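To start, the structure under review is shown below, and the notes come after it.
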Amino acid sequence: MKATAGWSALLAVLIGSTVAAFADTTAPSPPETQAQIPFANHGGIYNWQVVNDRTVLIQSQNRRWYKATLLSSCVELPFAETLGFESNADGSFDKFSSIKVHGQHCPLVSLVETTAPPKKSAPHKPGSAAPSTPQPPVEKSG
């Protein structure tokens, strides 16, 4: 009987630690606060930048940036030169809105405020020399 009790205790500890470990790894992260861009249908969207086929960074008229995550892949998005922003009935743009690219409607699942994307540096022109640092004049003693 003692051997069986020992195995039962060991089994209970193993099961308990496995359940605890699984519970820790599957804990949901806190939901992000959803945002809304007012007057999107009247110039409320100032600028945008495509990140990939499911993500667009959108700058509102007040210069705040938002990350729009799409429900699924929007195939033409990475190649788009123009986008359509389909707002809600009240003119706002939020997670219930969609983006239109070449006739394809791409619904959002999330719109959250984010930081501005990094500025792109000016491209280096081939064949141009790097700017040189001016050297101080050399005095000759004679």
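The values are calculated or read from the model by the stated rules, or taken from the named source; none is laboratory data. Since the model is a prediction, treat every value here as computed from it, not as a measurement. Reconstructed Cβ throughout: ideal geometry from the backbone, glycine too, with neighbour counts over all protein chains shown.
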Next item on the list: Evaluate the following for Gly103: is it on the phi > 0 side of the Ramachandran plot, modelled with pLDDT of 95 or more and either of a type in the set (S, T, N, Q) or surrounded by fewer than 15 Cβ atoms within 10 Å (Cβ to Cβ) (or both)?
Entry: no
Note to self: Among the numbered criteria (1) under 13 Å from Val112 (Cβ atoms); (2) of a type outside the set (Lys, Arg); (3) under 12 Å from the mean Cα position of the chain (by Cα), which one does Gln49 miss?
What the structure shows: (1)
Item checked: Identity of the residue in the stretch 96-120, of a type in the set (D, E, K, R) and under 19 Å from Ala40 (Cα atoms), that ends up nearest to the chain's Cα centre (by Cα) -> Glu113
Next item on the list: Can you give me the number of residues within the stretch 59-81 that are within 16 Å of Val109 (Cβ to Cβ), free of Cβ contacts under 8 Å to residues at least 40 places away in the same chain and hydrophobic (A, V, I, L, M, F, W, C)?
Entry: 4
Check: Given the residues Arg54, Arg63, which is the only one that is loosely packed, with under 12 Cβ neighbours inside 10 Å, modelled with pLDDT of 95 or more, in contact with a strand residue (DSSP E or B) (Cβ under 8 Å, 6 or more places away or on another chain) and basic (Lys, Arg)?
Finding: Arg63
Note to self: For a quick check of your reading: which strands (runs of 3 or more DSSP E) sit entirely within the stretch 64-121 and have at least 3 residues that are in contact with a Lys or Arg (Cβ under 8 Å, 6 or more places away or on another chain) and over 14 Å from Pro38 (Cβ atoms)?
What the structure shows: 104-114
Item checked: Test for Phe22: is it modelled with pLDDT of 95 or more, aromatic (Phe, Trp, Tyr) and on the phi < 0 side of the Ramachandran plot -> no
Check: Looking at this structure, is Ala35 surrounded by 17 or more Cβ atoms within 10 Å (Cβ to Cβ), in contact with a strand residue (DSSP E or B) (Cβ under 9 Å, 6 or more places away or on another chain) and part of a loop (DSSP other than H, G, I, E, B)?
Finding: yes
Check: Are there any pairs, at least 6 apart or on different chains, whose C-beta atoms fall under 8 Å, with the first in the stretch 29-42 and modelled with pLDDT of 80 or more and the second in a loop (DSSP other than H, G, I, E, B) and surrounded by fewer than 15 Cβ atoms within 10 Å (Cβ to Cβ), and if so, which?
Finding: Pro38/Gly91; Phe39/Gly91; Ala40/Gly91; Asn41/Gly91; His42/Gly91
Notebook entry, point to check: Hey, Lys95 hits all of (1) touching a residue at least 24 places away in the same chain (Cβ under 8 Å); (2) loosely packed, with under 14 Cβ neighbours inside 10 Å but one; which does it fall short on?
Noted result: (2)
Next item on the list: Give just the number: which of (1) touching a His at 6+ places or on another chain (Cβ under 9 Å); (2) closer than 22 Å to Pro31 by Cα; (3) surrounded by fewer than 17 Cβ atoms within 10 Å (Cβ to Cβ) does Phe79 not satisfy?
Entry: (2)
